[in-house]
Every structure is written in C-alpha cells, then in structure tokens.
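No value in this document is a laboratory result; all are computed from the given coordinates. Note that the coordinates shown come from a computational prediction; the quantities given were computed from them, not determined experimentally. Note that we place each Cβ from the backbone using ideal geometry, even for glycine, and neighbour counts take in every protein chain shown.
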Amino acid sequence: MSRVELRGLFAIAAAGALLPLVPAAKAQHFVSQPSEVSALERNPPSTRPHWDEIIAKMIDHNRARSESLQSYSSLREYEIRDMNDRVVARAVVRVEYRSPGTKSFRRISEEGSWIVRHLVFDRLLQAEEEASSGQEHRESSISTENYSFNVVGEDNLGTRRCFIVEAQPRKRDSHLFEGRLWIDAQDFGIAKISGHPAAELSFWITGARFERQYQRIDGFWLPHHDETVVNVKAHGTKVFRIEHKQYVINDLAASAASLTPSD
C-alpha cells in the first residue's frame, strides 16, 4: 500500500478540541520525541542506500502488499484516559477491510462518557471510512509527490533493522505530516511512523503529535499501536490510544465468522 492512512489519527486530534470534559493527562503519556541516532556513527551515510532507492523499494513493497492483501478483519480497542490514568471512554470495534479500499466498522462494546464516545470515536471511524478510498486517500499518500525524504540513520525495532527516513511535506496540508519513517531494511515495509500534522488542525489545537507502530503478520505490515497526544487550548493535554488485535488475513470465511454475536 503506497498510501498510509494517517488522516484518522489527525481526526482524533481535531476531535480533541470538542472535549472539555477530558482532564489534562500526565506528562509521561506524551509520545516520545525522536531520539538521537547513534547509528549514524556506526554506519556512515556513504554505506547506506540513498533515500530515493529506499523510498522506491518501499513503494514497490507497498504496491505488492496492496495486490496481495485482499481482505482482513481485526479487533480494535480505542481508549481515552484522564490525568489520573483512569479510562474516560473506551470502545471495542470490529474492522473489516476489502480490497481495493473498502472498510466497515461494527461496535462490539462501549463504556464511559457518551459525549466523548460520540464526538471522538464516531468522528474517527467516519474519517477513516471516508479516507480509505478516493481523492483524499491519494492526496495523503506517502510518496515523492507529497514529501521530500532524507535518510538520517538506522535503528533496531525489536529484532528488525530499520532505516530512519525524515519526511518533509511539500505543502502545508492537514492531511500530511512532518516526521520520521522507520523502513524495514529487509523487506522495505513501514514499521513505524512518528510526527505531527503539517498544518494546524483547528484554532483550538496548539500542538499534536502521533506515533504509529506496525506489526508484521504473515508478511504484511499492519497497524499495531497508535498514540496521539493533543494540546487543547483551555483544556490541557489529551491522550488517545488504539490497539489493533486479532488479525485474520485473506480469509473471507473466517472474517465472516468473526461477525457472529459471540465476538
């Protein structure tokens, strides 16, 4: 998939401005800032592929992924916590994906503030469904048309070696981001993304950062954990997390069975 869906994460941030009932979060909840890359000294730039080779291989990998990934289902857990680390709202949602870009969502359970669930979770699911295909999907793609890239180092994510690539948007657009990509050095899939929106999301948002970690399942890199930290005028900091679980890939029968009431 040459298009990585980030608009949903930005929708979380924009929705945060509507939530005066959510208290400020503790400082330790912030997404960590990109660390200094000591691998630059261990592996000088001249020994690494140039950014255009890495990005070209990433796009080739994503194209092959799109062709092979015909369907999947997964379970997502959405939650918002307050400054005392108590859950303000939580929702569990079943996600169904069908190639080339159709997503549907079914809520399994919900708890906590109805206002938070309505203004944040509803808005997030709607934004992702709209962004999964069409013009908005193309305009937010991680591509040379939308970004300039620069390889700045290497890092280990678990047992996987990754190239760290800085991404600078070519225009100020709230569908784009400024930050870093961690690209797997073996198969050139995207293993992690960290950054902030390239343009202001709203008058109420004074800062927003996100981090998405991916997991490799059956050769596919799929979302694993999302965290978005938003600073809202007069209402402090809010932290939104999404856990992606129980993937069933390219199995239409099993995916259909996942929709039974036993979920």
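Summary of packing: across the peptides 214-221, 53-60, the per-residue average of other C-beta atoms within 10 Å ranks them, highest first, as 53-60, 214-221.
When each of the peptides 173-185, 145-157 is scored by how many other beta carbons lie within 10 Å of its residues on average, the order from highest to lowest is 173-185, 145-157.
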